[in-house]
């Protein structure tokens, strides 16, 4: 880490962890689509069905590309996404992350209420990984809101 900034290292680690977890989710889903191994949950557990899979995959690739770009800047300690010049935007991102995460809690409660046969983890793969993206958005926003570097 340039300058040895431990806060920047902490954010780099958290953002990268969230990104790697989302990569595993997308890769796992691709494996299920192509091979349907028994050791992975079936496809209906991986997506809500609101979007056709090709559209979903494209969206996931776009999100992962942006997350990877952000992580690269944080790991280098320099770049557009590390420069803490957006404190107000950081606060907005924090709120977006909190609302997004709160939405996933509500989604989980509704899912469990409507699908008691799937308690506690059935159908939760999308919820869990949306929560990971929400954590990423919140952490990115917090970094900028408190003006670290």
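So is residue 85 touching a helix residue (DSSP H, G or I) at 6+ places or on another chain (Cβ under 7 Å), modelled with pLDDT under 95 and either surrounded by 15 or more Cβ atoms within 10 Å (Cβ to Cβ) or not in a helix (DSSP H, G or I) (or both) or not? Against the criterion (touching a helix residue (DSSP H, G or I) at 6+ places or on another chain (Cβ under 7 Å), modelled with pLDDT under 95 and either surrounded by 15 or more Cβ atoms within 10 Å (Cβ to Cβ) or not in a helix (DSSP H, G or I) (or both)), residue 85 does not qualify. Here residue 143 fulfils each of the conditions (1) more than 15 Å from the chain's Cα centre (by Cα); (2) surrounded by fewer than 19 Cβ atoms within 10 Å (Cβ to Cβ); (3) touching a residue at least 12 places away in the same chain (Cβ under 8 Å); (4) part of a helix (DSSP H, G or I) apart from (2). Here the condition is being loosely packed, with under 14 Cβ neighbours inside 10 Å, modelled with pLDDT of 95 or more and over 20 Å from residue 131 (Cβ atoms); of 24, 58, 74, it holds for 58 alone.
Can you find a residue that is in contact with a helix residue (DSSP H, G or I) (Cβ under 7 Å, 6 or more places away or on another chain), outside any helix (DSSP H, G or I) and surrounded by 13 or more Cβ atoms within 10 Å (Cβ to Cβ) anywhere in the range 99-106? Write out each step before concluding.
Just the residues of the range 99-106 that are in contact with a helix residue (DSSP H, G or I) (Cβ under 7 Å, 6 or more places away or on another chain), to begin with: 100-101, 104.
Filter once more, so that each one left must be outside any helix (DSSP H, G or I): none.
No; the residues of the range 99-106 include none that is in contact with a helix residue (DSSP H, G or I) (Cβ under 7 Å, 6 or more places away or on another chain), outside any helix (DSSP H, G or I) and surrounded by 13 or more Cβ atoms within 10 Å (Cβ to Cβ).
Checked against the criterion of being under 17 Å from the mean Cα position of the chain (by Cα) and either over 19 Å from residue 24 (Cα atoms) or part of a helix (DSSP H, G or I) (or both), the range 108-122 contains one or more residues that satisfy it.
The values are calculated or read from the model by the stated rules, or taken from the named source; none is laboratory data. Everything numeric in this text was worked out from a predicted model, so none of it was measured. Reconstructed Cβ throughout: ideal geometry from the backbone, glycine too, with neighbour counts over all protein chains shown.
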